[in-house]
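Trainee: Supplied in structure tokens, the structure appears directly below.
The values are calculated or read from the model by the stated rules, or taken from the named source; none is laboratory data. Since the model is a prediction, treat every value here as computed from it, not as a measurement. Here the Cβ positions follow ideal geometry from the backbone for every residue, glycine too, while neighbour counts run over all protein chains shown. These area figures cover heavy atoms from the full protein model, side chains too; ligands, DNA and RNA do not enter into them. Shrake-Rupley method; radii C 1.70, N 1.55, O 1.52, S 1.80 Å.
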Amino acid sequence: MCGIVGAVGHDQCGAVLLDALKRLEYRGYDSSGIVTLHGGKIDLRRAVGKLVHLEATLAARRLDGNVGIGHTRWATHGGVSEDNAHPHVAANRVSIVHNGIIENHRTIRKRLELAGYEFASDTDSEVLAHLFLEAFDAGLDAVRATKSILAEIEGAYAFAILATDYPNQLIVARNASPLAVGIGDEACYIGSDALALAHLTRKVIYLKDDDFALVSADNVAIYQSDGSPANRETVIVAASPGIVDKGGYRHFMEKEIHEQPDAIAHSLAAMTDNKGQLTATMQVDDLRAITGIVMLAAGTSHYATQVARYWIETLAKVPVVCEVASEYRYRNPVASAFSTAVAISQSGESLDTLMALRHASSCGLHTIGLINVPGSTIARESDFVLPTRAGPEIGVASTKAFTAQLTVLLSFAVALGKAKGTIDTERAAQIHSQIQSLPGLVGRALSLFDTIRPIAHSLSQARSALYLGRGTLYPLALEGALKLKELSYIHAEGFASGEMKHGPIALIEEGLPIVALLAADEIMAKASNNLREAAARGGQIILITEERGVNEVDFVNTVITVPNVDPLLAPILLAVPAQILAYLTAVEKGTDVDQPRNLAKSVTVE
Ligand code: AGP
């Protein structure tokens with residue numbers, strides 16, 4: 001999942017592309033590069049690591065020219081090195097940047113190497129540069145060359161080609177990986193998403209799968225893979241904020257943790273109609289038509305679906321299955337029992353979730369996209385969109401998008417229950433007012449940084465940790481463990497508390513940190529018994545609970561409390577201290593909080 005950009009017709013091309021790449025660094029930060037065409041010659045700059053290194057290279061050796069392409073990399077094939085950094089160049093005539101995976105690259109590479117083409121990297125992407133060189137050498141023009149190459153390659157791709165043969169245009173194509181074309185007043189641009197181009201233009205064309213285009217300064221000619229011309233809609237995308245800054249916080253994650261009261265309030269407002277009713281923006285008939293839900297998502301979003309299952313089954317009595325998107329995609333699911341697929345994604349671009357959504361749609365399910373990035377591919381391809389209003393989330397570890405997703409999912413469960421008549425208006429209004437109290441409660445939980453800091457200090461010494469929760473807090477235990485893993489690189493595992501005694505309890509030894517999530521709900525007694533069993537084996541319990549939960553667990557020394565809350569809302573409120581604990585542990589360990597190793601914010605490969 002890399003970020004690609006391009007510009008044609010802009011005289012500050014190098015600087016413009018660097019700025020656009022800054023807006024795409026969330027997609028990968030293993031290496032980066034930019035190439036321009038100047039005086040008929042290809043001029044290349046690349047650097048390993050974060051964009052700041054490329055910026056330094058460009059400051060030392062400027063790039064001229066009014067046409068260029070750029071890339072920020074998340075390594076899939078070939079280690080992290082300058083040779084494997086994009087753009088790749090073939091014979092100083094063709095340069096390419098690519099996001100995705102060319103699945104049949106080995107076969108193609110073998111054929112090209114036998115034909116005498118020399119490769120400089122270990123990547124799958126480099127085959128594209130030599131394929132275009134081969135096609136141009138065979139006398140094919142840009143359209144026929146692209147058509148024949150798209151017929152040969154397999155896999156997911158969004159790529160851009162800059163060739164000395166065609167000095168005033170870019171050749172771009174997409175299949176599964178996102179690609180937007182930006183129409184400027186005197187220049188045109190391309191990017192992995194419209195956000196990358198927002199500082200240049202808001203007039204955007206989203207290419208469809210199997211489309212390719214020839215982009216010049218004043219024209220965009222679009223074709224389908226068979227070479228036939230295609231018309232694609234030009235949309236005006238919402239003005240996006242400039243490069244989001246940290247607002248005085250040390251990290252984007254710290255800022256986004258603090259933005260949760262607003263993210264929850266705005267997302268709740270989006271679910272409320274102008275009469276103040278919680279309708280989830282859906283018509284009653286559409287809600288009544290929902291007879292079974294398949295939830296599709298990855299990572300943190302997947303854990304949000306697991307919490308929502310409890311709510312929807314309880315409030316609306318509608319069966320729900322929570323699927324790991326990458327698994328669902330390649331299964332032969334018996335879809336007939338379900339009417340609706342809900343795909344949940346912060347970025348709206350996770351390829352596993354997008355492909356699972358398409359799979360569900362091909363099985364005849366009605367599709368709903370619960371999305372934080374407006375205009376993203378999943379939003380555009382869903383039959384219906386439930387928006388979260390968390391605002392741009394830059395930190396790779398999801399925080400405010402998670403609590404915003406839970407707010408929208410609980411609102412949806414209430415609206416569904418009302419439409420189905422499984423809860424009455426009074427109960428719905430009661431839950432609605434409790435959700436309205438959440439921003440205030442979360443605001444109070446944000447004062448826990450100082451309480452948690454010393455606990456994080458001791459946790460940062462650990463090599464592994466367990467997270468326990470029961471009921472709606474079981475998925476939150478999974479989420480808490482994911483946060484600690486991805487931020488501090490401490491091996492952490494989440495379990496349903498009741499499941500411990502069936503095996504995982506063997507992991508417990510003297511001093512093992514166990515983060516326990518406990519709500520004052522009907523299973524509190526059972527859950528605290530499970531904690532007693534863990535403490536009896538030497539586990540060091542770090543308890544996260546409501547103020548009224550403390551008395552229930554008097555054998556625990558390390559306690560983090562949040563204000564009392566209705567059990568229904570406990571997973572949203574208790575998520576905040578779990579986030580703060582993982583954040584502060586990572587700060588203690590000195591890891592890269594906003595851009596953890598080996599990760600990226602939006603995963604656009606399968
Ligand atoms: C969460 O902190 C991670 N960044 C990751 O698990 C993420 O939730 C997952 O990749 C899904 O992303 P999405 O919500 O944008 O689809």
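Trainee: Please specify each residue of segment 578-599 satisfying the condition of being open to solvent by 10 Å² or more (accessible area, probe 1.4 Å) and either in contact with an Asp or Glu (Cβ under 8 Å, 6 or more places away or on another chain) or closer than 13 Å to residue 298 by Cβ (or both).
Mentor: If the condition is that a residue be open to solvent by 10 Å² or more (accessible area, probe 1.4 Å) and either in contact with an Asp or Glu (Cβ under 8 Å, 6 or more places away or on another chain) or closer than 13 Å to residue 298 by Cβ (or both), then 595, 599 are the ones that fit.
Trainee: Criterion first (more than 16 Å from the ligand (Cβ to nearest atom) and modelled with pLDDT of 95 or more) does residue 333 satisfy it?
Mentor: no
Trainee: If you scan segment 307-335, which residues turn out to be without any contact (Cβ under 8 Å) to a residue 60 or more places away in the chain and within 19 Å of the chain's Cα centre (by Cα)?
Mentor: 322, 323, 324, 325, 327, 328 - these are the residues of segment 307-335 that are without any contact (Cβ under 8 Å) to a residue 60 or more places away in the chain and within 19 Å of the chain's Cα centre (by Cα).
Trainee: Ok, one more. Select from segment 541-565 the residues that are aliphatic (A, V, I, L, M) and assigned to a helix (DSSP H, G or I) and list them in ascending order.
Mentor: Within segment 541-565, 550, 553 meet the criteria.
Trainee: Among (1) crowded, with 21+ Cβ neighbours inside 10 Å; (2) under 17 Å from residue 143 (Cα atoms), there is one condition residue 193 misses while meeting the rest; what is its number?
Mentor: (2) is the only condition that residue 193 fails.
Trainee: Looking for whichever is within 16 Å of the ligand (Cβ to nearest atom) and out of contact with any Cys (no Cβ under 7 Å at 6 or more places or on another chain) here; the options are 290, 257. Which one fits?
Mentor: Answer to the check: 257.
Trainee: Can you tell me which of (1) closer than 22 Å to residue 198 by Cβ; (2) open to solvent by 10 Å² or more (accessible area, probe 1.4 Å); (3) among the hydroxyl-bearing types (Ser, Thr, Tyr) is the one residue 81 doesn't meet?
Mentor: (1)
Trainee: Report yes if some residue within segment 227-234 is modelled with pLDDT of 95 or more, outside any strand (DSSP E or B), open to solvent by 70 Å² or more (accessible area, probe 1.4 Å) and over 20 Å from residue 195 (Cα atoms); otherwise report no.
Mentor: Scanning segment 227-234 turns up no residue that is modelled with pLDDT of 95 or more, outside any strand (DSSP E or B), open to solvent by 70 Å² or more (accessible area, probe 1.4 Å) and over 20 Å from residue 195 (Cα atoms).
Trainee: How many residues does segment 374-389 contain that are within 11 Å of the ligand (Cβ to nearest atom) and modelled with pLDDT of 95 or more?
Mentor: Going through segment 374-389 one residue at a time, the tally reaches 2.
Trainee: Let me ask you something else. Only one of (1) within 14 Å of the ligand (Cβ to nearest atom); (2) within 15 Å of residue 435 (Cβ to Cβ) fails for residue 315. Which number is that?
Mentor: (1)
Trainee: Quickly run through segment 494-540 and pick out the residues that are open to solvent by less than 80 Å² (accessible area, probe 1.4 Å), in a loop (DSSP other than H, G, I, E, B) and touching a residue at least 12 places away in the same chain (Cβ under 8 Å).
Mentor: Scanning segment 494-540 gives 508, 511, 512, 519, 520, 521, 523, 538, 539.
Trainee: Of all residues in segment 394-417, which are open to solvent by 10 Å² or more (accessible area, probe 1.4 Å) and not β-branched (Val, Ile, Thr)?
Mentor: 398
Trainee: Now for a separate question. Which condition breaks for residue 421 when tested against (1) in contact with a helix residue (DSSP H, G or I) (Cβ under 6 Å, 6 or more places away or on another chain); (2) away from the ligand (no atom under 14 Å from the Cβ)?
Mentor: Checking residue 421 against (1) in contact with a helix residue (DSSP H, G or I) (Cβ under 6 Å, 6 or more places away or on another chain); (2) away from the ligand (no atom under 14 Å from the Cβ), the one that fails is (1).
Trainee: How many of the residues making up segment 114-161 are of a type in the set (A, V, I, L, M, F, W, C) and in a loop (DSSP other than H, G, I, E, B)?
Mentor: 6
Trainee: Another question about this same structure. List pairs: first in segment 547-570 and under 18 Å from residue 471 (Cα atoms), second basic (Lys, Arg), Cβ under 7 Å, 6+ apart or cross-chain?
Mentor: What qualifies is 564/548.
Trainee: Considering each residue of segment 243-287, count those that are open to solvent by less than 50 Å² (accessible area, probe 1.4 Å) and not in a loop (DSSP other than H, G, I, E, B), and give that number.
Mentor: The total comes to 17.
Trainee: Is it the case, given these coordinates, that residue 570 is small (Gly, Ala, Ser), within 16 Å of the ligand (Cβ to nearest atom), part of a helix (DSSP H, G or I) and over 30 Å from residue 176 (Cα atoms)?
Mentor: It is false that residue 570 is small (Gly, Ala, Ser), within 16 Å of the ligand (Cβ to nearest atom), part of a helix (DSSP H, G or I) and over 30 Å from residue 176 (Cα atoms).
Trainee: Let me ask another. Would you call residue 338 more than 23 Å from the chain's Cα centre (by Cα) and either within 14 Å of the ligand (Cβ to nearest atom) or open to solvent by 30 Å² or more (accessible area, probe 1.4 Å) (or both)?
Mentor: Taking the combined requirement at face value, the residue satisfies it.
Trainee: Please work out which one of (1) closer than 28 Å to residue 252 by Cβ; (2) crowded, with 24+ Cβ neighbours inside 10 Å is the condition residue 8 fails and give its number.
Mentor: (1)
Trainee: Within segment 341-349, is even one residue within 13 Å of the ligand (Cβ to nearest atom), in contact with a helix residue (DSSP H, G or I) (Cβ under 9 Å, 6 or more places away or on another chain), open to solvent by 30 Å² or more (accessible area, probe 1.4 Å) and within 20 Å of residue 101 (Cα to Cα)?
Mentor: Within segment 341-349 (the criterion being within 13 Å of the ligand (Cβ to nearest atom), in contact with a helix residue (DSSP H, G or I) (Cβ under 9 Å, 6 or more places away or on another chain), open to solvent by 30 Å² or more (accessible area, probe 1.4 Å) and within 20 Å of residue 101 (Cα to Cα)), the answer is no, since none of the residues qualifies.
Trainee: Could you please find all residues in segment 1-55 being in contact with a Leu (Cβ under 7 Å, 6 or more places away or on another chain), under 23 Å from residue 166 (Cα atoms) and among the acidic types (Asp, Glu)?
Mentor: If the condition is that a residue be in contact with a Leu (Cβ under 7 Å, 6 or more places away or on another chain), under 23 Å from residue 166 (Cα atoms) and among the acidic types (Asp, Glu), then 43 is the only one that fits.
Trainee: Let me ask something else. Could you check, for segment 461-469, whether at least one of its residues is in a helix (DSSP H, G or I) and without any contact (Cβ under 8 Å) to a residue 12 or more places away in the chain?
Mentor: Within segment 461-469 (the criterion being in a helix (DSSP H, G or I) and without any contact (Cβ under 8 Å) to a residue 12 or more places away in the chain), the answer is no, since none of the residues qualifies.
To keep it simple, each residue is scored yes or no on (1) open to solvent by 10 Å² or more (accessible area, probe 1.4 Å); (2) of a type in the set (Val, Ile, Thr); (3) at pLDDT 95 or above.
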position: 138; (1), (2), (3): yes, no, yes
position: 149; (1), (2), (3): no, yes, yes
position: 160; (1), (2), (3): no, no, yes
position: 166; (1), (2), (3): yes, no, yes
position: 175; (1), (2), (3): yes, no, no
position: 178; (1), (2), (3): no, no, no
